[in-house]
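Take a look at the structure below.
The values are calculated or read from the model by the stated rules, or taken from the named source; none is laboratory data. All figures in this text were calculated on a predicted structure; none of them were measured in a lab. Here the Cβ is made from the backbone with ideal geometry for all residues, glycine too, and neighbour counts use every protein chain on show. Ligands, DNA and RNA are excluded from the accessible area calculation, which covers all protein heavy atoms including side chains. Shrake-Rupley method; radii C 1.70, N 1.55, O 1.52, S 1.80 Å.
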Amino acid sequence: MMEKKKVTLIVPCYNEEESLPIFYEAAAEVTASLPAYDFQFLLVNDGSKDKTLDVMRMLAARDPRVTYLSFSRNFGKEAAMFAGFVNAKGDYVAVMDADMQDPPSLLPQMLEILEGGEYDSVATRRVSRVGEPPIRSFFARMFYRIINRISDADVVDGARDFRLMRREMVDAIVSMCEVNRFSKGIFGWIGFRTYWLPYENVQRVAGETKWNFFSLFRYSIDGIINFSQAPLAIASYTGIVFTIISFIMVVFVFLRRLIFGDPVAGWASTICIILFIGGVQLLCMGIMGQYLSKAYLEVKHRPHYIVSESNDDETIRIR
Ligand code: UDP
Ligand code: MG
């Protein structure tokens, strides 16, 4: 008899004491309908301030398939997913939110597609943005348009982090050891053959989202800076254009002085030009600063996460 394939479900959790039990029940029901696979639940507690860790301990005591890691503080979802990938033992690995926005009921179909052998990963994409403020949808669309134009990352509009992938792909993700992680970009950058599974947006079952407009805005800027050098190029092109314009201006002012002898007029326009150039300079320096700050964090080689508690001795605690 062939050995069963192992499937790891990584679940990053931050303050999910209410959602996690609901997620576990739903996922356990789905896994029961898939006896051909060995499932591992890999719960990552990302420094929750509520009783999420207690819930994890309880689930682990009840179900031997549950492994949990608990971070020493909140490191963010990207770090939680990375810890999951580092510690996942499955032949297939999936990342799933604890709030049921990534429906476990999609798993059988995703497994079936991977078994077909034609794809290395099955990713989910929500096809509607119902229940989201229109202004957020507008900025989200703009972000996807921009990042796809200026980077190699190939980020799909509406893509969620929920995807099931083969071991090979997980190894590639773990090999990308950057500290500033933007998973949507990483998944696209490493390539492999991905099947996109559309589904209707689902509302979170309990608790509340950790995102607001400004954190999303910052996240999108991070994404662009992580996967594109275009803003830097734009800054230097702007410099070139302004140098050329200023050269023409100098010639113009010089000739006017020689021909008409009228040096003093134009105070208003001078001030406007000074302010404008000053603004452009600050903007370009700001862009450089953004890249510099990212580079600064990268060269420090600080760990992505620190685990303070786990029920598995083999857990890689610092990486
Ligand atoms: N999450 C996390 N660390 C954080 C923020 C969120 O592990 O610092 C987890 C959270 O518990 C959930 C998933 O990431 O399982 C998605 O978070 P959320 O539902 O807030 O994001 P949304 O679905 O609104 O994009
Ligand atoms: Mg959510």
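For the chain, averaging the sequence separation of C-alpha pairs within contact (under 8 Å, six or more residues apart) and dividing by the residue count gives a relative contact order of 22 percent. Here are some pairs, K49/K210; K77/K294; K49/K89; K89/K210; which of them have Cα atoms lying more than 22 Å apart in this structure? Flagged as over cut-off: K49/K89; K89/K210. Ligands, DNA and RNA aside, K6 has an accessible area near 70 Å² when probed at 1.4 Å. For the chain, DSSP calls about 35 percent of its internal beta bridges antiparallel.
Does the stretch 102-225 come out rounded, prolate or oblate by the C-alpha gyration tensor, with a ≥ b ≥ c the root eigenvalues, rounded set by a/c under 1.5 and, if not, prolate when a/b is larger than b/c and oblate if not? Taking the square roots of the gyration eigenvalues as a ≥ b ≥ c, the stretch 102-225 is oblate. When each of the peptides 78-85, 231-238, 141-148 is scored by the mean number of other C-beta atoms lying within 10 Å of its residues, the order from highest to lowest reads 78-85, 141-148, 231-238. Spatially, the stretch 48-69 and the stretch 8-43 are offset by 11 Å when compared through their Cα centroids.
Between the helical axis of 77-87 and the longest alpha-carbon principal axis of the chain there is an angle of about 50 degrees.
Of V264, V174, the order by accessible heavy-atom surface (1.4 Å probe, DNA, RNA and ligands excluded), from most exposed downward, is V264, V174. With the charge dipole of the stretch 1-137 set up from +1 on Lys and Arg Cβ and -1 on Asp and Glu Cβ about the Cα centre, the Cα lying farthest toward the positive end among the listed residues F41, Y119, F85 is that of F85.
Classify the stretch 220-279 as rounded, prolate or oblate from the Cα gyration tensor: take a ≥ b ≥ c as the square roots of its eigenvalues, call it rounded if a/c is under 1.5, otherwise prolate when a/b beats b/c and oblate if not. Oblate.
Sorting W196, W267, W189, W211 by accessible area puts them as W267, W189, W211, W196; the probe is 1.4 Å, largest comes first, and only protein heavy atoms count.
Rounded to the nearest 10 degrees, what's the angle between the helix 230-260 long axis and the longest principal axis of the chain, both from Cα atoms, 0 to 90? Approximately 10 degrees, to the nearest 10. Beyond 19 Å, the tail of the calculated P(r) for the stretch 1-54 holds 36 percent of the Cα pairs. Alpha carbon centre of the stretch 230-297 versus the stretch 148-197: separation in Å? What the calculation gives is 39 Å, centre to centre. Give the shape of the chain as rounded, prolate or oblate, defined through the alpha-carbon gyration tensor: a ≥ b ≥ c are the square roots of its eigenvalues, a/c under 1.5 means rounded, and otherwise the shape is prolate if a/b is larger than b/c and oblate if not. Prolate shape, in that a/c is at least 1.5 and a/b is the bigger ratio. The alpha carbons of the stretch 6-92 occupy a box of 37, 25, 18 Å along the principal axes, longest dimension given first. Only protein heavy atoms count here; under a 1.4 Å probe, E168 has an accessible surface of about 110 Å².
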